[in-house]
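Worksheet for the structure shown next.
The values are calculated or read from the model by the stated rules, or taken from the named source; none is laboratory data. Computed from a prediction, not measured in an experiment: that's the story for all the values here. Positions of Cβ are backbone-derived with ideal geometry, glycine not excepted, and every protein chain shown enters the neighbour counts. Accessible surface areas use protein heavy atoms only, side chains included; no ligands, DNA or RNA. Shrake-Rupley method; radii C 1.70, N 1.55, O 1.52, S 1.80 Å.
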Amino acid sequence: MAPRAPRRYDPDRRHRIIDAAIRVIGRSGIAGLSHRTVAAEADVPLGSTTYHFASLDELLVAALRRTNEGFAAAVRESGALTDPEADLAAELARLTGQWLGGGRTGVELEYELYLAALRRPALRPVAAEWTDGVVTALSARTDPATARALVALLDGICLQVLLTDTAYDEEYAAEMLGRLLV
(Lines give C-alpha, C1' and ligand atoms only; values in the text may rest on other atoms or scores of the structure.)
Protein backbone atom coordinates (compact mmCIF):
# COMPACT_ATOMS: atom_id res chain seq x y z
CA MET A 1 0.00 0.00 0.00
CA ALA A 2 1.42 3.36 -1.05
CA PRO A 3 1.88 5.94 1.68
CA ARG A 4 -0.64 8.77 1.65
CA ALA A 5 0.52 12.18 0.58
CA PRO A 6 0.63 14.58 3.50
CA ARG A 7 -2.46 16.69 3.82
CA ARG A 8 -1.92 20.31 2.90
CA TYR A 9 -2.73 22.67 5.75
CA ASP A 10 -4.81 25.52 4.34
CA PRO A 11 -6.66 27.38 7.11
CA ASP A 12 -7.90 30.09 4.73
CA ARG A 13 -9.45 27.74 2.18
CA ARG A 14 -13.00 28.11 3.50
CA HIS A 15 -12.70 31.92 3.32
CA ARG A 16 -11.28 31.74 -0.20
CA ILE A 17 -14.19 29.55 -1.27
CA ILE A 18 -16.69 32.06 0.14
CA ASP A 19 -14.90 34.94 -1.58
CA ALA A 20 -14.88 32.97 -4.83
CA ALA A 21 -18.62 32.32 -4.51
CA ILE A 22 -19.20 36.06 -4.07
CA ARG A 23 -17.16 36.79 -7.21
CA VAL A 24 -19.06 34.12 -9.20
CA ILE A 25 -22.41 35.51 -8.08
CA GLY A 26 -21.26 39.05 -8.82
CA ARG A 27 -20.27 38.04 -12.35
CA SER A 28 -22.93 35.44 -13.23
CA GLY A 29 -25.70 35.78 -10.67
CA ILE A 30 -26.93 33.03 -8.37
CA ALA A 31 -27.89 30.98 -11.42
CA GLY A 32 -24.18 30.74 -12.30
CA LEU A 33 -23.23 29.36 -8.89
CA SER A 34 -22.16 25.73 -8.63
CA HIS A 35 -19.58 23.88 -6.61
CA ARG A 36 -17.63 23.45 -9.85
CA THR A 37 -17.62 27.18 -10.78
CA VAL A 38 -16.63 28.14 -7.25
CA ALA A 39 -13.85 25.55 -7.12
CA ALA A 40 -12.45 26.87 -10.40
CA GLU A 41 -12.67 30.48 -9.20
CA ALA A 42 -11.03 29.67 -5.86
CA ASP A 43 -8.42 27.45 -7.52
CA VAL A 44 -9.20 24.57 -5.17
CA PRO A 45 -10.23 20.98 -5.85
CA LEU A 46 -13.95 20.41 -6.33
CA GLY A 47 -13.97 18.21 -3.24
CA SER A 48 -12.90 21.17 -1.12
CA THR A 49 -16.06 23.08 -1.92
CA THR A 50 -18.29 20.14 -1.09
CA TYR A 51 -16.24 19.38 2.05
CA HIS A 52 -16.75 22.89 3.43
CA PHE A 53 -20.26 23.40 2.00
CA ALA A 54 -22.38 20.29 1.52
CA SER A 55 -25.02 22.24 -0.39
CA LEU A 56 -25.19 25.41 -2.45
CA ASP A 57 -27.57 26.84 0.13
CA GLU A 58 -24.85 26.48 2.78
CA LEU A 59 -22.47 28.33 0.48
CA LEU A 60 -25.07 31.03 -0.20
CA VAL A 61 -25.64 31.47 3.54
CA ALA A 62 -21.92 32.01 4.07
CA ALA A 63 -21.74 34.44 1.13
CA LEU A 64 -24.76 36.41 2.38
CA ARG A 65 -23.24 36.65 5.86
CA ARG A 66 -20.01 37.95 4.38
CA THR A 67 -21.71 40.56 2.17
CA ASN A 68 -23.95 41.73 5.01
CA GLU A 69 -20.99 42.96 7.04
CA GLY A 70 -20.37 46.26 5.24
CA PHE A 71 -23.40 48.51 5.75
CA ALA A 72 -24.33 47.11 9.16
CA ALA A 73 -20.78 47.72 10.42
CA ALA A 74 -20.84 51.29 9.09
CA VAL A 75 -24.08 51.94 10.95
CA ARG A 76 -22.76 50.39 14.17
CA GLU A 77 -19.55 52.42 13.98
CA SER A 78 -21.31 55.69 13.19
CA GLY A 79 -20.87 58.43 15.74
CA ALA A 80 -24.51 59.40 15.19
CA LEU A 81 -25.59 56.42 17.26
CA THR A 82 -23.74 57.55 20.35
CA ASP A 83 -24.13 61.32 19.96
CA PRO A 84 -27.69 62.37 20.83
CA GLU A 85 -27.04 65.74 19.15
CA ALA A 86 -26.07 64.20 15.80
CA ASP A 87 -28.58 64.30 12.96
CA LEU A 88 -29.38 60.58 12.64
CA ALA A 89 -31.39 61.01 9.43
CA ALA A 90 -28.56 62.92 7.72
CA GLU A 91 -25.97 60.39 8.90
CA LEU A 92 -28.01 57.42 7.63
CA ALA A 93 -28.54 59.18 4.31
CA ARG A 94 -24.79 59.86 4.08
CA LEU A 95 -23.88 56.25 4.93
CA THR A 96 -26.38 54.97 2.37
CA GLY A 97 -24.89 57.25 -0.26
CA GLN A 98 -21.39 55.97 0.55
CA TRP A 99 -22.60 52.38 0.34
CA LEU A 100 -24.37 52.92 -2.98
CA GLY A 101 -21.43 54.93 -4.30
CA GLY A 102 -18.97 52.19 -3.45
CA GLY A 103 -19.80 50.30 -6.60
CA ARG A 104 -23.11 49.29 -8.06
CA THR A 105 -21.96 45.71 -8.64
CA GLY A 106 -21.29 45.17 -4.93
CA VAL A 107 -24.64 46.59 -3.88
CA GLU A 108 -26.46 44.59 -6.56
CA LEU A 109 -24.71 41.46 -5.31
CA GLU A 110 -25.79 42.14 -1.74
CA TYR A 111 -29.39 42.67 -2.79
CA GLU A 112 -29.36 39.63 -5.07
CA LEU A 113 -28.29 37.47 -2.13
CA TYR A 114 -30.68 39.25 0.24
CA LEU A 115 -33.66 38.82 -2.10
CA ALA A 116 -32.74 35.21 -2.87
CA ALA A 117 -34.21 34.49 0.56
CA LEU A 118 -37.65 34.85 -1.05
CA ARG A 119 -37.15 31.53 -2.82
CA ARG A 120 -34.49 29.92 -0.63
CA PRO A 121 -35.74 29.48 2.94
CA ALA A 122 -32.22 28.65 4.18
CA LEU A 123 -31.25 32.28 3.52
CA ARG A 124 -34.15 33.84 5.44
CA PRO A 125 -32.53 33.69 8.88
CA VAL A 126 -29.39 35.38 7.52
CA ALA A 127 -31.42 38.12 5.83
CA ALA A 128 -33.25 38.61 9.12
CA GLU A 129 -29.90 38.76 10.98
CA TRP A 130 -28.89 41.74 8.86
CA THR A 131 -32.17 43.54 9.45
CA ASP A 132 -32.15 42.75 13.15
CA GLY A 133 -28.53 43.85 13.50
CA VAL A 134 -29.18 47.24 11.92
CA VAL A 135 -32.42 47.64 13.91
CA THR A 136 -30.53 46.86 17.12
CA ALA A 137 -27.86 49.42 16.28
CA LEU A 138 -30.44 52.10 15.42
CA SER A 139 -32.38 51.33 18.59
CA ALA A 140 -29.61 53.07 20.50
CA ARG A 141 -31.13 56.32 19.19
CA THR A 142 -34.80 55.46 18.67
CA ASP A 143 -37.39 52.86 19.59
CA PRO A 144 -37.27 49.43 17.87
CA ALA A 145 -40.43 50.02 15.78
CA THR A 146 -39.03 53.27 14.35
CA ALA A 147 -35.65 51.61 13.81
CA ARG A 148 -37.36 48.84 11.80
CA ALA A 149 -39.24 51.46 9.76
CA LEU A 150 -35.94 53.25 9.04
CA VAL A 151 -34.42 50.01 7.75
CA ALA A 152 -37.49 49.35 5.59
CA LEU A 153 -37.30 52.86 4.11
CA LEU A 154 -33.59 52.50 3.39
CA ASP A 155 -34.24 49.15 1.70
CA GLY A 156 -36.95 50.72 -0.43
CA ILE A 157 -34.82 53.68 -1.44
CA CYS A 158 -31.88 51.41 -2.33
CA LEU A 159 -34.07 49.07 -4.39
CA GLN A 160 -35.57 52.01 -6.29
CA VAL A 161 -32.10 53.35 -7.09
CA LEU A 162 -30.93 49.92 -8.26
CA LEU A 163 -34.03 49.01 -10.25
CA THR A 164 -34.65 52.35 -11.95
CA ASP A 165 -31.04 53.36 -12.61
CA THR A 166 -31.71 56.71 -10.97
CA ALA A 167 -29.11 58.60 -9.00
CA TYR A 168 -29.25 58.38 -5.23
CA ASP A 169 -30.64 61.60 -3.76
CA GLU A 170 -29.09 62.03 -0.32
CA GLU A 171 -31.16 65.13 0.47
CA TYR A 172 -34.42 63.30 -0.30
CA ALA A 173 -33.33 60.28 1.75
CA ALA A 174 -32.42 62.49 4.73
CA GLU A 175 -35.78 64.26 4.51
CA MET A 176 -37.78 61.01 4.39
CA LEU A 177 -35.73 59.41 7.17
CA GLY A 178 -36.23 62.58 9.22
CA ARG A 179 -40.00 62.27 8.86
CA LEU A 180 -39.84 58.87 10.52
CA LEU A 181 -37.78 60.25 13.39
CA VAL A 182 -40.19 63.07 14.29
Q) Each residue of region 89-100 in order: what ³J(HN,Hα) in whole Hz does its phi give by Karplus 6.51 cos²θ - 1.76 cosθ + 1.60, θ = phi - 60°, with x for Gly and Pro? A) 4, 5, 5, 5, 5, 5, 4, 5, x, 4, 5, 5
Q) Who wins for biggest fluctuation among 142, 67, 164 in a Gaussian network model of the chain, springs between alpha carbons below 10 Å? A) 164
Q.
Under 20 °C and 1.002 mPa s, how fast does the chain diffuse according to Stokes-Einstein, given a Kirkwood radius computed over C-alpha pairs? Answer in µm²/s, whole number.
A. 119 µm²/s
Q.
Under 10 Å, Cα contacts only: if you run a Gaussian network model on the chain, which one of 47, 133, 97 comes out with the highest mean-square fluctuation?
A. 47
Q | Amide H contacts of residue 168 (H built 1.01 Å from N, under 5 Å, at least 5 apart or other chain) | A | none
Q.
Once neighbouring chains are kept in place and the probe is 1.4 Å, which whole percent of the accessible area of region 131-172 is contributed by carbon and sulfur?
A. 56 percent
Q) Which FRET efficiency, nearest 0.05, do residue 85 and residue 139 yield, Cβ-Cβ r, R0 25 Å? A) 0.85
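Can you give the FRET efficiency for residue 58 and residue 98, using 1/(1 + (r/R0)^6), R0 = 30 Å, r = Cβ-Cβ distance, to the nearest 0.05?
0.45
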Q. Can you give me the relative contact order of region 43-163 as a percent, contacts being Cα pairs under 8 Å and 6 or more apart?
A. 30 percent
**Q.** Prolate/oblate/rounded label for region 104-179 (Cα gyration tensor, a/c 1.5)
**A.** oblate
Q: Have a look at 117, 31, 72 and tell me which one the Gaussian network model of the chain (Cα, springs below 10 Å) gives the largest fluctuation.
A: 31
Q: Have a look at 134, 100, 123 and report the one farthest towards the positive end of the charge dipole of region 89-135, computed about the Cα centre with Cβ charges (Lys/Arg +1, Asp/Glu -1).
A: 123
**Q.** Probe 1.4 Å, accessible area per residue of region 80-182, Å²
**A.** 53 Å²
Q. With charges only on Cβ, +1 for K and R and -1 for D and E, what is the dipole size of region 1-131 about its Cα centre, in debye, rounded to 20?
A. 860 debye
Q) Can you give the calculated 222 nm mean residue ellipticity of the chain, where each DSSP H run of n ≥ 4 adds -39,500 (n - 2.57) and the sum is split over every residue, rounded to the nearest 500 deg cm²/dmol? A) -23000 deg cm²/dmol
